[in-house]
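The values are calculated or read from the model by the stated rules, or taken from the named source; none is laboratory data. Owing to the predicted nature of the structure, the values given are computational and were not obtained by experimental measurement. Neighbour counts run over all protein chains shown; Cβ positions are idealised from the backbone, glycine included.
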């Protein structure tokens, strides 16, 4: 039987799926019919060698076979946790659930720190009926994860041995309004939330991503981001399926071990699209040797997206300088802003135009206004995160009055879009607050992102998180800005593993900067602490700064690598994190130092 598809013509005349009437299941079978032999996904299991690959037609058959198996054990609409490493099996499992009429739940990476606790928390929060994954992982988790308190039937379903069915089997054909996926947030500022995404949410966002990225037929992507995270799953794996392109997958731990593997994959497969958070580019600069740089050809890389955390000009300049000889063009850099509650993408810069930075007054932003800097100490650089597509409305609102703020005023970023989710799992009160926000004078409801920023000349600038901001007197400081001014210490501390928060003793509030030292560090912590403290007190309106040094990997992070600031602060103040040394700097008086002995071999 030939399946019909709802299609439209793209600007280049190519027939593509109509996102308003299609789902990711339609995309799977559309490309299986049109380009059956296209190798959609290739996995470099060790970061270097091909260990798994699948064509469009093979993927459709495998998803169908898994769907037949799952439908025998689970009721339609049941929620199923995905417990796979970043592999093709993750994609097979997700598509198998969708073809069976089930709701896959994404958000656990088995190799991440705290994965077992996160698995139990998500399983119980989402009221999952089952978990699917490879047998070895399921066996490992089943041994250490307690049973559900209510002793309800919960199935552990290994999918390793399921093979394609020889005969045709029917699959579910969900409606665009049906829930397609529950994507859990990273949990950097609060407990992870399960975001309910419909097929329409996903289809719209994928369509807008392709449009924003200037997707062309034949584009190839390299994705090392965890598939359990929205950026890796929707921005990488599902983007490929929606567009009928090709994606090279690498495990994130393989890149953490040797960042050169990421760039080698781009060079080897002539990838045009790839990226990640800012720290990934810095990691490449720090760790890749000159002789390895000479072996790369990055002239194919047209979109090097940078998102999910603060975008630093210094990092991008260093990356360009290091890899220009390999053919990397700085115009490939591509800034983007998004979040799970909006499916993913909200705004993006333009392909081939690079990232535009503008100077603003640090003091002005601290008081809610984007103004020119008075001098070099008052200068803060912000990356323009581009403009929203025509059907995504971005407004800046005063969180107290719900009124819209004019261009150049800092407030909460709010979004109205077909990509905004229907809400969180089992959180009706929070859903009303987060997903039913309003902006004075605007029709409809707006997503309250919890991010602060402003619009200027149509471009969005993000200044930081509402939950992380620090109030000192009449100034509001963004920790991201404080960390960004420490670029001179990049060789001495791990900037991507640095957190800033406030500490009140009596009636005095001061800043606390907690940072990890690189492995093998043997520098003078007294002088380092003093230099960092002086820099912060010079740039910001604080009279006291406490600098705390930790060993590598001591700071608490989410599975996607974001710092869990509140938990890190709590554990530090309770004495549950070992301190290697600390220095308290006060311009008004003498600095206080407490340097602890670093145990040999413990860094």
Of the conditions (1) in a loop (DSSP other than H, G, I, E, B); (2) in contact (Cβ under 8 Å) with a residue 12 or more places away in the chain, the single one that residue 65 does not satisfy is (1)
Query raised in the report: Condition test on residue 160, is it over 27 Å from residue 202 (Cα atoms), in contact with a helix residue (DSSP H, G or I) (Cβ under 6 Å, 6 or more places away or on another chain), modelled with pLDDT of 65 or more and surrounded by fewer than 16 Cβ atoms within 10 Å (Cβ to Cβ)?
Result: yes
Selection from the range 378-387 of residues crowded, with 23+ Cβ neighbours inside 10 Å and either in a loop (DSSP other than H, G, I, E, B) or without any contact (Cβ under 8 Å) to a residue 12 or more places away in the chain (or both) yields 385, 386
If you go through 98, 43, 81, the only one that is farther than 26 Å from residue 265 by Cβ, at pLDDT 95 or above and part of a strand (DSSP E or B) is 81
task: Answer yes or no as to whether residue 3 is over 30 Å from residue 115 (Cβ atoms), touching a residue at least 40 places away in the same chain (Cβ under 8 Å) and either in a loop (DSSP other than H, G, I, E, B) or within 29 Å of the chain's Cα centre (by Cα) (or both).
output: no
Over the range 1-30, the set of residues farther than 21 Å from residue 419 by Cβ, surrounded by 13 or more Cβ atoms within 10 Å (Cβ to Cβ) and out of contact with any strand residue (DSSP E or B) (no Cβ under 7 Å at 6 or more places or on another chain) is 29
Subset of the range 270-289, residues in contact (Cβ under 8 Å) with a residue 60 or more places away in the chain and either in contact with a strand residue (DSSP E or B) (Cβ under 7 Å, 6 or more places away or on another chain) or in the same structural domain as residue 212 (by TED's automatic domain parsing) (or both), comes to 273, 278, 279, 282
Conditions (1) touching a residue at least 24 places away in the same chain (Cβ under 8 Å); (2) out of contact with any helix residue (DSSP H, G or I) (no Cβ under 9 Å at 6 or more places or on another chain); (3) within 27 Å of residue 569 (Cβ to Cβ) -> residue 455 fails only (3)
Residue pairs qualifying under the 6 Å Cβ cut-off, at least six apart or on distinct chains, with the first in the range 290-312 being more than 26 Å from residue 345 (Cα to Cα) and the second being surrounded by 16 or more Cβ atoms within 10 Å (Cβ to Cβ), are 292/260; 293/326; 296/263; 296/267; 296/326; 297/267
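Given the structure, is residue 101 on the phi > 0 side of the Ramachandran plot and either without any contact (Cβ under 8 Å) to a residue 40 or more places away in the chain or within 24 Å of the chain's Cα centre (by Cα) (or both)? Reasoning before the result, please.
Working: on the phi > 0 side of the Ramachandran plot: yes; either without any contact (Cβ under 8 Å) to a residue 40 or more places away in the chain or within 24 Å of the chain's Cα centre (by Cα) (or both): no.
No: the conditions fail for residue 101.
Just to be sure, is residue 58 part of a loop (DSSP other than H, G, I, E, B), assigned by TED's automatic domain parsing to the domain that holds residue 194 and over 28 Å from the mean Cα position of the chain (by Cα)? Before you say what the answer is, go through the steps one by one.
On the way: part of a loop (DSSP other than H, G, I, E, B): no; assigned by TED's automatic domain parsing to the domain that holds residue 194: yes; over 28 Å from the mean Cα position of the chain (by Cα): yes.
No.
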Looking across the range 87-98 at residues that are out of contact with any helix residue (DSSP H, G or I) (no Cβ under 6 Å at 6 or more places or on another chain) and touching a residue at least 40 places away in the same chain (Cβ under 8 Å), the single one that is surrounded by the fewest Cβ atoms within 10 Å (Cβ to Cβ) is 87
Counting only residues that are in contact with a strand residue (DSSP E or B) (Cβ under 6 Å, 6 or more places away or on another chain), assigned to a loop (DSSP other than H, G, I, E, B) and on the phi < 0 side of the Ramachandran plot, the range 395-437 contains a total of 9
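Does residue 447 satisfy being closer than 30 Å to residue 22 by Cβ, assigned to a strand (DSSP E or B) and in contact with a helix residue (DSSP H, G or I) (Cβ under 7 Å, 6 or more places away or on another chain)? Explain how you work it out, then say what you get.
Numbers: closer than 30 Å to residue 22 by Cβ: yes; assigned to a strand (DSSP E or B): yes; in contact with a helix residue (DSSP H, G or I) (Cβ under 7 Å, 6 or more places away or on another chain): yes.
Yes; evaluated as a whole, the condition is true for this residue.
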If you go through 492, 474, 502, 524, the only one that is touching a residue at least 40 places away in the same chain (Cβ under 8 Å) and outside the structural domain of residue 364 (by TED's automatic domain parsing) is 474
Checked against (1) in contact (Cβ under 8 Å) with a residue 40 or more places away in the chain; (2) within 27 Å of residue 208 (Cα to Cα); (3) in a loop (DSSP other than H, G, I, E, B), residue 390 satisfies every condition except (1)
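May I ask you to say which residue of 52, 117, 124 is part of a strand (DSSP E or B) and surrounded by fewer than 20 Cβ atoms within 10 Å (Cβ to Cβ)? Before the answer, list the steps.
Values: 117 fails: part of a strand (DSSP E or B); 124 fails: part of a strand (DSSP E or B).
After ruling out the rest, the residue left standing is 52.
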